[in-house]
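K.L.:
Okay, handing you the structure first.
The values are calculated or read from the model by the stated rules, or taken from the named source; none is laboratory data. Here the structure is a predicted model, which means the values were calculated and not measured. FYI the Cβ positions are ideal-geometry reconstructions off the backbone, even for glycines, and counts take in every protein chain you see.
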Amino acid sequence: MAAERAGVRSATIVATNFLAQAKAIGRTQGFKSLPLAEYPGVDPFDSTEVFVEKIGNVVVDQIVEGLASQIELAPAAAAPKPRDVVFAGDFDAVQDHFEQNLWSDGLPIAPPTIERVEEFLRFTDRSPDEVIGELLPERREATVWSVAVNGVMAGCRPEYMPILLGMAEVMVEPMWRIEDGGSTPGWEPLAIVNGPIVKDLNFNYGTGAMRVGRRANSSIGRFARLYMRNIAGLLPGTTDKGTLAYTFNVALAEDEDAVAKVGWRPFSVERGFAPGESVVTVQSVVGISPPIYVAGGAAEIAQKIVESWGEGNVKLWAYTGIMFHQWHPLLVLSPCIAEVFAKEGWSKDDLKRYLYENTKMPAWHAERGPRLRPQLIPGYSTQNLCKLVEAGELPKEYCLSSDPERLVPVFFRSETIGIVVAGDTGKNQCKGYTQNAKQGVPLSKLIKLPVRWEELLSEARDRRANGRNQYATPSSRGVSSQ
Amino acid sequence: MKDEPTYEVVWPLGKTSSSAAKVNSPISDLNGKTIGELSVHVTPRDDLMFATIREKLLQRFPDVRFVDSHTFGFLHGPEENELVDRLPELLRQHSVDAVISSMGI
């Protein structure tokens, strides 16, 4: 499409599995049809002979026909105005209508009525018409209004609006690459929340912090995926090619009391914000480690993390991080682990440095990576570490010799590892979250509160205090015990 | 359900920005034309693929010329955005009349 925009005719080769995506993306770029040449089947399973036969006898004909064909532009679609009522019906009818139009994520949504949306808008001083940016691939405008609408649908409370706006500000950043939100690894956004807003909005940063159960964590996590579907237009099967993918992440809030207790810096402060500022960071997660149980002193714990996470599942994605020169794995430690480290004088930076220096893999692993097919092309490598070192893209440790068995770091820069403290204060467990290289790099935004924040929050709390207690403890749920 | 309220709901999407798409003239005869090869180079067989395409096209259009995919860089790499931005200039620089791109097999 970039070639067509540059005034040059093009034909694009795609495998059968990518045809629907190619057509859908063509439409989002204004083309009714694009010349596509289909490679039939799944290429990695074809022998070289079959591959050559398919290219030579099937694909080439389509290329010639495609270049000779007339391209048509797609007519512009009409868009309702923000306050237009597009449907009226009871709860079930609204659900059906939204599902039929692919406007929901498969879970029931809260109906976005004008009244509910306006309640969200009270929690920002920004104009509802403000265009925050444009989200690819559908090139839809992300507006303050649409953030509120999707926040309502996700089940958020109105007072979450400043965080939702911060998340939308991340998503529109070109560097975040939302257009790759439908890539085959199937990554999910993860929102990490720091600052006083964590307590203001009653996030769970303790036991079960990453499980659904607390409205702030759950609904804000759901919002991220919903916004990517509705505004970016990432829909499974067409523009979203996540092979298996997984469900949305609940928002992760750091336990800043625990961080302060051990004298560490909060995640947001490590990312350049001042202590006491409320900040939301959004990054991709493409895989999660099993729980890592640790014991002993700091050195033993660090080594266990190296062996269980660094040399475990996160290593599988190191190739991709090196290929794109971007990688931001995230480690979430329970507070008691942070205490052990701090007691022995380790900072977050010390732990990151240890992980960088002690987690190794053979160089061939980083050069061949997940697309390795040595049985088909012996000696084939898709990247050369020594050339990347020469180019200044990697530290010198990656090319201390040319031996393919030499050990090189899995984490290619210590400073790009993130560490967050959360979870059960008394349990010796941590988990690693693998980030997807240049797609969904962690970006942080200051959460901009409305001038009347305290007053509005107080009003919202008062209203709820007069109704059902959202934060009931198990003993107050009205379930009689045996 | 009896007495259930009616919800009047708004649209959850957003308007699309104006399209920059343009229609370029078809090319039915590739003789005398220069074809630029673009690839995301995610599989080790891209070079083999383009070699096969070249061989077949030359049988049908003996006077067609090709600009190798490596000339345009690694479109799925760290410099993707920069390369896409520079593409018009690169295509002009190499007098490319048509592009064959491999974007995901």
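K.L.:
So how many residues does the range A:222-279 have that are out of contact with any helix residue (DSSP H, G or I) (no Cβ under 8 Å at 6 or more places or on another chain) and among the basic types (K, R)?
P.N.:
3
K.L.:
Exactly one of these conditions fails for B:H76: (1) under 28 Å from A:N436 (Cβ atoms); (2) outside any loop (DSSP other than H, G, I, E, B); (3) in contact (Cβ under 8 Å) with a residue 24 or more places away in the chain. Give me its number.
P.N.:
That leaves (2) as the condition not met.
K.L.:
Looking at A:A11 and the list (1) over 30 Å from the mean Cα position of the chain (by Cα); (2) assigned to a helix (DSSP H, G or I), which single condition is not satisfied?
P.N.:
(2)
K.L.:
So, one more: Suppose we filter A:V250, A:V259 for residues that are surrounded by 23 or more Cβ atoms within 10 Å (Cβ to Cβ), hydrophobic (A, V, I, L, M, F, W, C) and more than 15 Å from the chain's Cα centre (by Cα); which single one remains?
P.N.:
On the way: A:V250 fails: more than 15 Å from the chain's Cα centre (by Cα).
When all the criteria are applied, what remains is A:V259.
Residue by residue, here is whether (1) out of contact with any strand residue (DSSP E or B) (no Cβ under 6 Å at 6 or more places or on another chain); (2) crowded, with 18+ Cβ neighbours inside 10 Å holds:
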{"position": "A:M1", "(1), (2)": "yes, yes"}
{"position": "A:A6", "(1), (2)": "yes, yes"}
{"position": "A:S10", "(1), (2)": "no, yes"}
{"position": "A:A20", "(1), (2)": "yes, no"}
{"position": "A:F31", "(1), (2)": "yes, yes"}
{"position": "A:D61", "(1), (2)": "yes, no"}
{"position": "A:E72", "(1), (2)": "yes, no"}
{"position": "A:V86", "(1), (2)": "yes, no"}
{"position": "A:D90", "(1), (2)": "yes, no"}
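K.L.:
If you don't mind, there's one more thing I want to ask. It is to be established whether one or more residues within the range A:81-95 are outside the structural domain of A:M153 (by TED's automatic domain parsing) and over 27 Å from B:E8 (Cβ atoms).
P.N.:
No, because not a single residue in the range A:81-95 is outside the structural domain of A:M153 (by TED's automatic domain parsing) and over 27 Å from B:E8 (Cβ atoms).
K.L.:
Taking the residues in the range A:166-182 that are outside any helix (DSSP H, G or I) and crowded, with 23+ Cβ neighbours inside 10 Å as candidates, determine which candidate is farthest from the chain's Cα centre (by Cα).
P.N.:
Taking the range A:166-182 first, the residues outside any helix (DSSP H, G or I) are A:172-173, A:177, A:181-182.
Keeping just the survivors that are crowded, with 23+ Cβ neighbours inside 10 Å gives A:181-182.
Numbers: A:G181: 8, A:G182: 11 Å.
Per the criteria, the residue is A:G182.
K.L.:
Say whether the condition of being assigned by TED's automatic domain parsing to the domain that holds A:A391, modelled with pLDDT under 95, buried (at least 18 other Cβ atoms within 10 Å of the Cβ) and of a type in the set (G, A, S) is met by at least one residue in the range A:294-306. Give the steps one after another, and end with the answer.
P.N.:
Residues of the range A:294-306 that are assigned by TED's automatic domain parsing to the domain that holds A:A391, as a first pass: A:294-306.
From the residues that got through so far, the ones that are modelled with pLDDT under 95 too are none.
Scanning the range A:294-306, I find no residue that is assigned by TED's automatic domain parsing to the domain that holds A:A391, modelled with pLDDT under 95, buried (at least 18 other Cβ atoms within 10 Å of the Cβ) and of a type in the set (G, A, S), so the answer is no.
K.L.:
Select, from B:I53, B:I100, the only residue that is closer than 29 Å to A:F324 by Cα, part of a helix (DSSP H, G or I) and facing chain A (nearest Cβ under 7 Å).
P.N.:
On the way: B:I100 fails: part of a helix (DSSP H, G or I).
Of the residues listed, the single one that is closer than 29 Å to A:F324 by Cα, part of a helix (DSSP H, G or I) and facing chain A (nearest Cβ under 7 Å) is B:I53.
K.L.:
Residues that are among the aliphatic types (A, V, I, L, M): which strands (runs of 3 or more DSSP E) entirely in the range A:257-362 hold 3 or more of them?
P.N.:
On the way: elements: A:279-285, A:330-333, A:360-362.
Result: A:279-285, A:330-333.
K.L.:
Select the helices (runs of 4 or more DSSP H) contained entirely in the range A:16-135, then report the ones holding at least 2 residues which are β-branched (V, I, T).
P.N.:
Details: elements: A:19-28, A:48-54, A:60-68, A:91-100, A:114-121.
Ranges flagged: A:19-28, A:48-54, A:60-68, A:114-121.
K.L.:
Another question, then. A:L67 - would you say it is facing chain B (nearest Cβ under 7 Å), of a type in the set (A, V, I, L, M, F, W, C) and under 30 Å from B:P62 (Cα atoms)? Walk me through it before giving the result.
P.N.:
Working: facing chain B (nearest Cβ under 7 Å): yes; of a type in the set (A, V, I, L, M, F, W, C): yes; under 30 Å from B:P62 (Cα atoms): yes.
For A:L67, the condition - facing chain B (nearest Cβ under 7 Å), of a type in the set (A, V, I, L, M, F, W, C) and under 30 Å from B:P62 (Cα atoms) - is met.
K.L.:
Can we say A:P75 is over 29 Å from the mean Cα position of the chain (by Cα) and more than 8 Å from every other protein chain (Cβ to nearest Cβ)?
P.N.:
yes
K.L.:
Could you check, for the range A:122-139, whether at least one of its residues is crowded, with 24+ Cβ neighbours inside 10 Å, outside the structural domain of A:A20 (by TED's automatic domain parsing) and over 17 Å from A:T239 (Cα atoms)?
P.N.:
Yes; the residues of the range A:122-139 include at least one that is crowded, with 24+ Cβ neighbours inside 10 Å, outside the structural domain of A:A20 (by TED's automatic domain parsing) and over 17 Å from A:T239 (Cα atoms).
K.L.:
What tally of residues in the range A:309-323 results from selecting those that are modelled with pLDDT of 85 or more and within 14 Å of chain B (Cβ to nearest Cβ)?
P.N.:
Step one: of the range A:309-323, the residues modelled with pLDDT of 85 or more are A:309-322.
When the remaining residues are screened for being within 14 Å of chain B (Cβ to nearest Cβ), the result is A:319-322.
Adding up the residues that qualify gives 4.
K.L.:
For the list (1) polar (S, T, N, Q); (2) under 24 Å from A:Y319 (Cα atoms); (3) not in a strand (DSSP E or B), I need the number of the one condition that B:S95 fails.
P.N.:
Looking at each condition in turn, B:S95 falls short on (2).
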